[in-house]
Structures are given as C-alpha cells and as structure tokens.
C-alpha cells in the first residue's frame, strides 16, 4: 500500500470547486493518461488510464466512484478499482478530497499488483507521486 498526501489550490469558490471535484467526467481527464469511457451513474464512471512506468506502458480499465460525500465539510471519498489490460495486475485506490477556501488536500491510498508492482515500491511511489502532482495542478483549470 502506498499512501500520499498532496495539497492543491483552486482559484474558484469552495462551492464551485466542490461541484467540479464531484463531476467525474471533468475530474478523471485531469489525471495524465486518464479518460472517461462511460458514465454509469451520477456517482460513477467507467474509465481508463494509460501509465508509463520506466520503459513499460500499461493500460488499466475500471471504475471511479464517489462513495462518500460530506457537503457541509467539503469532504469526498472516491474509490478507484481497475485491472491491467491483458495482464493479471490491478490498481485500486481510495482517494479523499478535503476542500478549504482556495484549495485543499488529496490523500491517496493505493494498492497495486502485477507488472507495475514488480518494479518496486520506490518506482510505484515516484510514478504515483508525479501523476498526483500533475493532477493537482490541472485541478485549478476545471
């Protein structure tokens, strides 16, 4: 399990930022290589992500769901469940967004198996950290 915390800034009001974070069709493409394949419910989408890890490139397909939302405290929990295309691996994560005026924090707890995990926790952490840093910069644009 890899756990990471990343603060972020958003130039919009806290309510506009809250709406943007809960809009998975806008949120998922902020992840480098991420795209929405289909909206399956108001709180869930089928999505895919293409990730480069060193010389390897992998594609994961699965679901992103909002499993908890506390509008009063501007806290949302999302669950990512995905499988590696053509492989035995998976990448699952619980992502907690906590908003404040001007931004907030995203806490990621990820479990990764298969080819990606075989590269070692250091590589996985470095790639995940870079993906989330890039993601938090793009949050300001949604």
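Quick notes
- The chain - percent relative contact order, Cα under 8 Å, separation 6 or more: 29
- Shape category assigned to segment 63-127 from the gyration tensor of Cα positions, a/c cut at 1.5: oblate
- Size-normalised alpha-carbon gyration radius of segment 2-139, reference 2.2 N^0.38 Å: 1.01
- Segment residue 100..residue 9, full-extension length gain: 31.8 nm, with 0.36 nm per residue of separation and the alpha-carbon distance subtracted.
- Shape call, segment 35-104: gyration tensor on alpha carbons, a/c limit 1.5: prolate
- Helices in the chain, meaning DSSP H runs of at least 4 residues, each add -39500 (n - 2.57). Divided by all residues, the mean residue ellipticity at 222 nm is -7000 deg cm²/dmol.
- Pairwise centroid distance, computed over Cα atoms, of segment 76-142 with segment 1-58, Å: 9
- Seen against the Cα atoms of the chain and their longest principal axis, helix 121-139 is set at about 30 degrees.
All of the numbers you see were taken from the coordinates with simple rules; none came from a lab. Computed from a predicted structure; not experimentally measured.
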